[in-house]
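See structure below.
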Amino acid sequence: MASDRTEDFDGFYLASRERLLHALYAMTGDLAEAQDVVQEAYARAWQRWSSVSSYDDPAAWVRTVAWRLAISRRRKARNRLSAAMRLHAISPPVPEPSPDSAAIVAALRKLPDAQRRALALHYLCDLSVEAVAAETGVSTGTVKSRLSRGRAALAAVIDTTLITTNTKEAIHG
């Protein structure tokens, strides 16, 4: 029975890990941070696999946990940085240069969290507007508005063809 549980979780992990990592990378703008929160979210899913596996969409549970972990870590980091800067201990971090996918992530960073999350869930996780609404706890109208405003904001920064046709390809590298 334990090996069935392990095989079930392993299959779920292998089928969902890449998509989830790319989505969290787009949401956070930091690959290392995305890797950390995704790993922690899967560890928590494993601990609760007997209940998580029975959910309609276990990947949504893992995404939500990873997103909440990212938000929590960002708040803690911001507080640590603020305290350190008050003490003049360190200077702000410098963003790393990287390929074209970093340009999209950089553009996504400029968006409000809600728009960035809606875009990542809709385009990178292939969730419907209704599924994004359910996962984020807002109405479908709000999701449509966030998607529309997010696309408009991105269009001002990067080539619109990347957003509509090559977003996944550019992020996945």
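Of all residues assigned to the range 24-46, at least one qualifies as being modelled with pLDDT of 95 or more, out of contact with any helix residue (DSSP H, G or I) (no Cβ under 8 Å at 6 or more places or on another chain), in a helix (DSSP H, G or I) and surrounded by 13 or more Cβ atoms within 10 Å (Cβ to Cβ).
Number of residues in the range 109-125 that are without any contact (Cβ under 8 Å) to a residue 40 or more places away in the chain and open to solvent by 10 Å² or more (accessible area, probe 1.4 Å): the value is 4. Which ones in the range 47-69 are over 16 Å from C125 (Cα atoms) and either in a helix (DSSP H, G or I) or in contact (Cβ under 8 Å) with a residue 60 or more places away in the chain (or both)? Within the range 47-69, Q47, W49, S50, S51, V52, R68, L69 qualify. Considering the range 147-173, the residues that are of a type in the set (S, T, Y) and either modelled with pLDDT of 75 or more or in a helix (DSSP H, G or I) (or both) include one that is most open to solvent (accessible area, probe 1.4 Å), namely T164. Within the range 1-30, residues that are closer than 13 Å to V62 by Cα reach partners that are assigned to a helix (DSSP H, G or I) and open to solvent by 70 Å² or more (accessible area, probe 1.4 Å) with beta carbons closer than 7 Å, at six or more positions or on different chains, in the pairs F9/W46; L21/Q35.
Residue by residue through the range 136-146, note down the ones that are in a helix (DSSP H, G or I) and either open to solvent by 30 Å² or more (accessible area, probe 1.4 Å) or among the polar types (S, T, N, Q) (or both). Talk me through it step by step, then tell me what you get.
Pass one, the range 136-146, residues in a helix (DSSP H, G or I): 136, 140-146.
Once the filter is applied, which keeps residues that are in a helix (DSSP H, G or I) and either open to solvent by 30 Å² or more (accessible area, probe 1.4 Å) or among the polar types (S, T, N, Q) (or both), the range 136-146 yields T136, T140, G141, T142, K144, S145, R146.
The values are calculated or read from the model by the stated rules, or taken from the named source; none is laboratory data. Model, not experiment: these values are computed from the prediction. Neighbour counts are summed over all protein chains in view; Cβ atoms, including those assigned to glycine, are modelled from backbone coordinates with ideal geometry. The accessibility values were calculated without ligands, DNA or RNA, using every heavy atom of the protein model including side chains. Shrake-Rupley method; radii C 1.70, N 1.55, O 1.52, S 1.80 Å.
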